[in-house]
Amino acid sequence: MFIQDEWLVKTFFFIFGSMIGSFLNVCIVRWPQDKSVISPGSHCVKCQTPIHWYDNIPLISYLLLGGKCRVCKAPFSIRYFFIELLTAFVFLAFYSYFGLTFLLIPYLVMVSGFIVATFVDLEHRIIPDEVSIGGMILGLVFSLMIPQLHGTNIWWQGLLFSAVGVLVGGGSIYLMGMLGEWLFKKEAMGGGDVKLMAMIGAFLGWKLALLTFFISPFFGAIVGIIEKIRTKDNTIAYGPYLVIGALISLFMGERLILCLLFGYRLF
Ligand SMILES: [Zn+2]
């Protein structure tokens, strides 16, 4: 492939990512309120004016309108722009890493779910079932259709490895929550975290789900301590750390396991 073509494909994934990011924004706002993400179309939350397509172009419209509603000038959260930009770069990065392979599709679906879970959890301390349960089902279906996700060419093995991933992923967090409840006499892990880990297991399989389970607390602990000092709030949104753990497991998991179990060098 010529260099120019490669840039064309990369530009495509960046723009495609920003469009998906625009849709993820809608999911992040509406799923916690149990509203449809299809209708009604985008509208200003202040003056209710529908937003025309030409004012709804990812990244560009926000900049052209200066982050304000065209009609009533109410400011739109910078988060909309940030999530479009983030998703654009994430899609570009995933394409650059995996190339145009069948693996790219399920992983883009998975990471889109991760973005929604992260921002909803940070704001509302919940993870929508649409992401966790929906993602788990998609993970199982993808594993059946693309068993290479789990390093095999046989469809029933892909499905089996995915199902074991669901059990081990969800089960690990569930058991830790039980233990925490028994030790501290209060709810330690939310049900949303259990379901999110079940989704992660469905996509990544049991080994990487277990690795996610073990490395997430390190990130959660660091931020949890900072948050506790800053807000005196004991509850932290744990979803984002499961997401960080899952992404590290996806990209570095095999090496990390060899390093931890057999003393291989990490880099
Ligand atoms: Zn308005």
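In a residue-by-residue description of the stretch 222-233, the property of being outside any helix (DSSP H, G or I) and surrounded by fewer than 19 Cβ atoms within 10 Å (Cβ to Cβ) applies to at least one position. Residues in the stretch 187-218 that are free of Cβ contacts under 8 Å to residues at least 40 places away in the same chain and not in a helix (DSSP H, G or I): Glu187, Ala188. Looking only at the stretch 57-75, decide whether some residue is under 25 Å from Gly139 (Cα atoms) and either in contact with a Cys (Cβ under 8 Å, 6 or more places away or on another chain) or within 14 Å of the ligand (Cβ to nearest atom) (or both). No, that holds for no residue. Among the residues of the stretch 178-191, is any in the same structural domain as Leu258 (by TED's automatic domain parsing) and within 19 Å of Gly113 (Cα to Cα)? Yes: the stretch 178-191 contains one or more residues that are in the same structural domain as Leu258 (by TED's automatic domain parsing) and within 19 Å of Gly113 (Cα to Cα).
Output the residues belonging to the stretch 1-36 that are under 30 Å from Gly99 (Cβ atoms) and of a type in the set (Val, Ile, Thr). Of everything in the stretch 1-36, those that are under 30 Å from Gly99 (Cβ atoms) and of a type in the set (Val, Ile, Thr) turn out to be Ile3, Val9, Thr11, Ile15, Ile20, Val26, Ile28.
Might you check whether a residue that is away from the ligand (no atom under 16 Å from the Cβ), in a helix (DSSP H, G or I) and more than 17 Å from Phe119 (Cβ to Cβ) occurs anywhere in the stretch 79-90? Scanning the stretch 79-90 turns up no residue that is away from the ligand (no atom under 16 Å from the Cβ), in a helix (DSSP H, G or I) and more than 17 Å from Phe119 (Cβ to Cβ). Going residue by residue through the stretch 30-37, is there one that turns out to be within 16 Å of the ligand (Cβ to nearest atom) and surrounded by fewer than 17 Cβ atoms within 10 Å (Cβ to Cβ)? No: zero hits. Checked across the stretch 161-173, the condition of being within 23 Å of Leu122 (Cα to Cα), crowded, with 18+ Cβ neighbours inside 10 Å and hydroxyl-bearing (Ser, Thr, Tyr) holds for at least one residue.
Yes or no, residue by residue, for (1) assigned to a helix (DSSP H, G or I); (2) of a type outside the set (Asp, Glu); (3) in contact with a helix residue (DSSP H, G or I) (Cβ under 6 Å, 6 or more places away or on another chain):
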residue	(1), (2), (3)
Glu6	yes, no, no
Phe12	yes, yes, no
Ser18	yes, yes, yes
Leu24	yes, yes, yes
Ile28	yes, yes, yes
Ser36	no, yes, no
Ser39	no, yes, no
Tyr54	yes, yes, no
Ile57	no, yes, no
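If the condition is being surrounded by 13 or more Cβ atoms within 10 Å (Cβ to Cβ), of a type in the set (Gly, Ala, Ser) and outside any helix (DSSP H, G or I), then the stretch 234-267 contributes only Ala237. Step by step: first the residues of the stretch 38-56, then only those that are β-branched (Val, Ile, Thr) and within 16 Å of the ligand (Cβ to nearest atom), then the one that is surrounded by the fewest Cβ atoms within 10 Å (Cβ to Cβ). Which residue is that? Residue satisfying both the conditions and the ranking: Val45.
Of the residues making up the stretch 68-91, those that are loosely packed, with under 15 Cβ neighbours inside 10 Å and in contact with a strand residue (DSSP E or B) (Cβ under 8 Å, 6 or more places away or on another chain) are Lys68, Ala74, Pro75.
The values are calculated or read from the model by the stated rules, or taken from the named source; none is laboratory data. Note that the structure is a prediction, hence the values are computed from the model and not measured. So basically every Cβ, Gly included, is an ideal-geometry build from the backbone, and we count neighbours across all protein chains shown.
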